[in-house]
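Below: the structure, in structure tokens.
The values are calculated or read from the model by the stated rules, or taken from the named source; none is laboratory data. It should be emphasised that the depicted structure is a prediction, and the values quoted were computed from it without experimental measurement. As a convention, Cβ positions derive from the backbone with ideal geometry for all residues, glycine included, and neighbour counts pool all protein chains shown. We work out accessible area using only protein heavy atoms, side chains counted, and drop any ligands, DNA or RNA first. Shrake-Rupley method; radii C 1.70, N 1.55, O 1.52, S 1.80 Å.
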Amino acid sequence: MATNLDEWKPGSFTKNYSWGERSAGLLQLHESIRVGFNGEVKDVPRRVYRKRVAALKRPDYIPINFFLFNKSIKGVDHIVADELVFQAITEEHSARFDKLALFAFNFSFVGKWSGASPDQRRPALWSYFYVHDRVARQFRWNTNLVSANDIEIFVSSDSRYKAKTARKLSTNLNYLYSIGRLSEFASPRVERWWVDALFLALDRLVEDRGLDGLVTPETQFPSLLSRFDFQQISGHRSIEKDLAAKHLVTLYTACGARGRFSDDLVKDRTALLLPEVEWLLANDQRPQGAVHPTNPSILKSIPRACAMLARYAGFEVIDADELANFNPEEFVRRHTREALANLRKRKIRPTMSADELMKITREK
């Protein structure tokens, strides 16, 4: 597995990718993924991806070497369709995509391809450790302290950084942090991009182990996230996020890990639960939403075929139209009304008045 952390090399990141105006965020990356994958959430040969994006007349090395995941399939270099690709293909560009993409960059697991050096398997370790050690530990996610100068000081003072200068890397990285909205990682609340990031982290970690012939049992998913400090890299840690992570690992497992993007694999898992899965897939290909009843912020978009699997993982499934306009407050109100109606149906009544309850709570 990619665990060699002894050398940090800037590689081609010091070259200007020309992201455009700050307000555009990572739109260029979003477009590159859509074009490179031809609008499909399926692994694509690396050479095919590069040929497709050549029409954009932009360099391709930043997307394919720093943001996406590479592996050999039957001797041919491929770029993997994982959660980042799923979000780019199924959703329009948004700030949510930008934060997920920046997480992918910081997490820095991009696999292997022909001709790549060993250090390219984790090409942005300088960013991983800047976020992990400086932003999370020292700054406690006060991103006002992040600057190109501070990045340069941090990188240059570490013996693991192997380059003559760090200035160009620092200014490029600081700009990426800005357009990728690193400042919004500081929220302790569960947000949709963070939910997607947990799925992406597992996609990358499991695939990376697979490069070395290692099979990851589902029981190891939580320990993998902990081992590679998902919670530190993905923003301000909180109890809410820790609790959400447990539910999301259950959902990720139920949906078949990265197999959730394969209709055939999902059909096999769903066969006993939903014989009509063929009709379900043909009826509407748009992603569905899976929301956990304990916290409506735990909302995950999933391939439609995973709907029944999500239900058996304890999630409520909402359709594509409701997902686009999901209102967490209304979700809570509806569940409260349903719970009260269920109590009335079972003829369960309170045994004390509101005044009696208030009296008890006020007693010391």
Taking protein heavy atoms only, a 1.4 Å probe, and rounding to whole percent, the accessible area of the stretch 1-81 owed to carbon and sulfur comes out at 47
Between the residues I79, S170, P222, the Cα farthest towards the positive end of the dipole of the chain, that dipole coming from +1 and -1 charges on the beta-carbon of Lys, Arg, Asp and Glu, is from S170
Once the in-chain neighbours fewer than 8 apart are removed, the lysines whose Cα is under 23 Å from K74 read K42, K51, K112
A chain fully extended from Q220 to I73 at 0.36 nm per residue, minus the present Cα-Cα distance, gains in nm 50.5 nm
Summing -39500 (n - 2.57) over every DSSP H run of at least 4 in the chain, dividing by its residue total and rounding to the nearest 500, the 222 nm mean residue ellipticity is -13500 deg cm²/dmol
Here the residues of the stretch 136-175 lying in the modelled label zone of S117, meaning backbone nitrogen under 12 Å from a point 7 Å along Cα-to-Cβ, are 162-164
Summing +1 per Lys or Arg and -1 per Asp or Glu among the other residues with Cβ less than 10 Å from Y252's Cβ gives 0
Protection proxy (average C-beta count within 10 Å per residue), highest first, orders 175-182, 21-28, 36-43 as 175-182, 36-43, 21-28
Normalised per residue, the volume inside the convex hull of the alpha-carbon atoms of the stretch 175-227 in Å³ amounts to 109
Which of R140, R122, R258 fluctuates most in a GNM of the chain (C-alpha springs under 10 Å)? That residue is R140
Within the under-12-Å Cβ sphere about W141, not counting W141, Lys/Arg +1 and Asp/Glu -1 give a net charge of +3
Checking Q220, Q232, Q120 against a Gaussian network model of the chain (alpha-carbon springs below 10 Å), the top fluctuating residue turns out to be Q220
Rounded to the nearest 5, the percent of antiparallel DSSP beta bridges in the chain equals 90
Computed from the beta carbon distance with a Förster radius of 25 Å, FRET efficiency for N327 and S94 to the nearest 0.05 stands at 0.90
Computed from the beta carbon distance with a Förster radius of 25 Å, FRET efficiency for D229 and K57 to the nearest 0.05 stands at 0.10
The relative contact order of the stretch 1-138, taking Cα pairs under 8 Å that sit 6 or more residues apart, comes to a percentage of 28
For the stretch 219-265, the percent of accessible surface on carbon and sulfur atoms (probe 1.4 angstrom, ligands and nucleic acids excluded) is 58
Between R346 and D319, the FRET efficiency computed from the C-beta separation at R0 = 30 Å comes out, to the nearest 0.05, as 0.55
Among (i) 21.3; (ii) 22.6; (iii) 22.0, the entry matching Kirkwood radius over Cα pairs in Å as calculated here is (iii)
If one builds a Gaussian network model of the chain from Cα atoms under 10 Å apart, the most fluctuating residue listed among K99, K51, K74 is K74
Heavy-atom accessible area per residue of the stretch 123-211, all protein chains kept, 1.4 Å probe, expressed in Å², is 38
Taking a straight Cα-to-Cα line shorter than 25 Å from K241, and setting aside same-chain lysines fewer than 8 residues away, one finds K99, K300
Whole-percent tail of the Cα-Cα distance distribution for the stretch 66-132, cut at 14 Å, equals 60
Per its Cα gyration tensor (rounded if a/c is under 1.5, else prolate when a/b beats b/c, else oblate), the stretch 137-271 is best filed as prolate
Compactness check, the stretch 65-178: C-alpha Rg relative to the 2.2 N^0.38 Å globular estimate gives 1.17
The local net charge around K15, scoring Lys/Arg +1 and Asp/Glu -1 for residues other than K15 whose Cβ lies under 15 Å from its Cβ, equals +3
Computed over the Cα atoms of the stretch 1-76, the Rg and Dmax in Å are 14.0, 41
So, for the Cα atoms of the stretch 107-170, Rg and Dmax in Å stand at 13.0, 40
For the stretch 21-89, whose charge dipole is built from +1 on Lys and Arg Cβ atoms and -1 on Asp and Glu Cβ atoms, the candidate among N70, V41, L27 with its Cα farthest towards the positive end is N70
In whole angstrom, the spacing between the Cα centers of the stretch 122-198 and the stretch 1-68 equals 19
For the chain, the dipole about the Cα centre with charges only on Cβ (Lys and Arg +1, Asp and Glu -1), to the nearest 20 debye, works out at 460
